[in-house]
Amino acid sequence: MSVYVASILTNMALISFLALSAYLVLVVGVVSFGQQAFFGVGAYVTATVTSIYGGHAVTGVFIGMLSGAACALVLAILTVRLSGLYFAISTLCFAELCRLGLLQVRAPFDIDGRTTGPDGPEGFSNIRWIFEHNYSVQDFLVLTTVCLVALLGLLFLLERSRIMLRARLVGQDSILAQSLGLRPILYRIVFVTLSGGVAGFGGGLFALFNTYIEPNMFGVMLGVHGLAYAVIGGLGAPIGPLIGVAIDIGLLESIRAISAYRMIAFGGLVALLLILLPQGLISPRFVARMRRWRKLFHV
């Protein structure tokens, strides 16, 4: 496999973490335009742990995941009474607050003759873990894929639990959920926090792979794309957001004839799919139909 193809596949896997984090928020019936904030927090924390303090990548990514979850928990608690458009705007404001805050952080360090650490608009450079441990692009693709498959396995297990069933009920009809004794606010806080952890984990891997990050990498458009991937793929199963990623990064970027018009093509595709399939490609209705067919087949 060439380095170019491995790089594209690795980026697809990394962005899939962001798309899955948006998926978890959508499940409980709210829309977030701020998942890129947790992705960026995870990236900066992981870079700090590995580059400045010399920590192992596992430690750095784990702390980055916890940091993303902690930020998401704070956001969930602060916006617990908001819903709909108000919640969506609040997440966008939170993400921009994080991005602008990172632009003000200047704490470069000179370590072994090289400068590393956050340096405002100049970004965080010399994140050299991947080089110091002789990881090729192909090796990192395997690492990222294993992590993504493990996450998908956990999410599919969650899908079979009562927790996800109740969370989907909260997302579809919170009043009905309350009448059945559920607490929609609690489910929203839990799933928003989980989404922050997933995004933070992906952000940590993103920092290690790119070796350089800057605040503007985690701008509004990254969050919009992550949300769009989840919407396109559908909320019927965790595999849905990955299909959205594959359509945009895998398909549209691979067609060089339209690569210059990728954003236009992607926007048009999103609009078309929302008209034809408002619940996405892998919708809950589609998943229910597939389960019925499987039962009939086994019979």
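The values are calculated or read from the model by the stated rules, or taken from the named source; none is laboratory data. Because the structure is predicted, anything quoted here is derived from the model rather than measured. All Cβ positions, even for glycine, are placed from backbone atoms using ideal geometry, and neighbour counts span all protein chains on display.
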Requested in this report: Return yes when TYR187 is over 19 Å from GLY200 (Cα atoms), at pLDDT 90 or above and either hydroxyl-bearing (Ser, Thr, Tyr) or in contact with an Asp or Glu (Cβ under 9 Å, 6 or more places away or on another chain) (or both) and no when it is not.
Outcome: yes
Query raised in the report: Which members of the stretch 265-285 meet the condition of being closer than 18 Å to ARG168 by Cβ and either surrounded by fewer than 17 Cβ atoms within 10 Å (Cβ to Cβ) or not β-branched (Val, Ile, Thr) (or both)?
Result: PRO278, GLN279, GLY280, LEU281, SER283, PRO284, ARG285
Report summary line: When restricted to GLY84, GLY64, GLY29, the only residue within 30 Å of ILE243 (Cα to Cα) and crowded, with 24+ Cβ neighbours inside 10 Å is GLY64
**Report entry** From the options VAL30, VAL5, residue that is more than 26 Å from LEU103 (Cα to Cα), at pLDDT below 90, β-branched (Val, Ile, Thr) and more than 15 Å from the chain's Cα centre (by Cα)
**Finding:** VAL5
Requested in this report: Evaluate the stretch 91-103: report whether one residue or more is without any contact (Cβ under 8 Å) to a residue 12 or more places away in the chain, under 28 Å from THR144 (Cα atoms) and assigned to a helix (DSSP H, G or I).
Outcome: no
Report task. Take the stretch 24-79 and flag every residue that is under 18 Å from LEU92 (Cβ atoms) and of a type in the set (Ser, Thr, Tyr). Result -> SER32, THR79
Query - Filter pass, ILE185 being in contact with a strand residue (DSSP E or B) (Cβ under 8 Å, 6 or more places away or on another chain) and more than 18 Å from ALA19 (Cα to Cα) - result: no
Query raised in the report: Which one is surrounded by the fewest Cβ atoms within 10 Å (Cβ to Cβ), of the residues in the stretch 8-26 that are polar (S, T, N, Q) and within 10 Å of the chain's Cα centre (by Cα)?
Result: SER16
Report summary line: Per the filter on the stretch 10-28, residues touching a Pro at 6+ places or on another chain (Cβ under 8 Å) and of a type outside the set (Ser, Thr, Tyr) are ALA19, LEU20, ALA22, VAL28
Query raised in the report: Could you give every pair whose Cβ atoms fall below 7 Å, whose first residue belongs to the stretch 128-153 and is at pLDDT below 95, and whose second residue is surrounded by fewer than 13 Cβ atoms within 10 Å (Cβ to Cβ) and not basic (Lys, Arg), counting only separations of at least 6 or pairs across chains?
Result: VAL137/VAL3; GLN138/MET1
Query raised in the report: Any idea which of THR116, THR193 is at pLDDT 90 or above and either under 25 Å from GLY219 (Cβ atoms) or outside any helix (DSSP H, G or I) (or both)?
Result: THR193
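Matching residues to (1) outside any helix (DSSP H, G or I); (2) touching a residue at least 12 places away in the same chain (Cβ under 8 Å); (3) more than 18 Å from ALA88 (Cβ to Cβ):
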| site | (1), (2), (3) |
| --- | --- |
| LEU222 | no, yes, no |
| LEU235 | yes, yes, no |
| GLY240 | no, yes, yes |
| VAL245 | no, yes, yes |
| GLY250 | no, yes, yes |
Report summary line: Residue pairs within 6 Å by beta carbon, gap of at least six or interchain, first lying in the stretch 198-217 and farther than 11 Å from ILE127 by Cβ, second among the polar types (S, T, N, Q) and in a helix (DSSP H, G or I), listed first then second, are VAL198/SER21; ALA199/SER21; ALA199/GLN35; GLY200/SER67; LEU205/THR144
Report summary line: If you go through TYR23, TYR4, the only one that is without any contact (Cβ under 8 Å) to a residue 40 or more places away in the chain, hydroxyl-bearing (Ser, Thr, Tyr), under 26 Å from ILE239 (Cα atoms) and part of a helix (DSSP H, G or I) is TYR4
Requested in this report: Identify, from the list LEU143, LEU152, LEU148, the residue that is crowded, with 16+ Cβ neighbours inside 10 Å, within 18 Å of the chain's Cα centre (by Cα) and over 16 Å from ALA19 (Cβ atoms).
Outcome: LEU143
Requested in this report: Determine which member of the set VAL30, VAL58 is touching a residue at least 24 places away in the same chain (Cβ under 8 Å), among the β-branched types (Val, Ile, Thr) and over 22 Å from PHE156 (Cβ atoms).
Outcome: VAL30
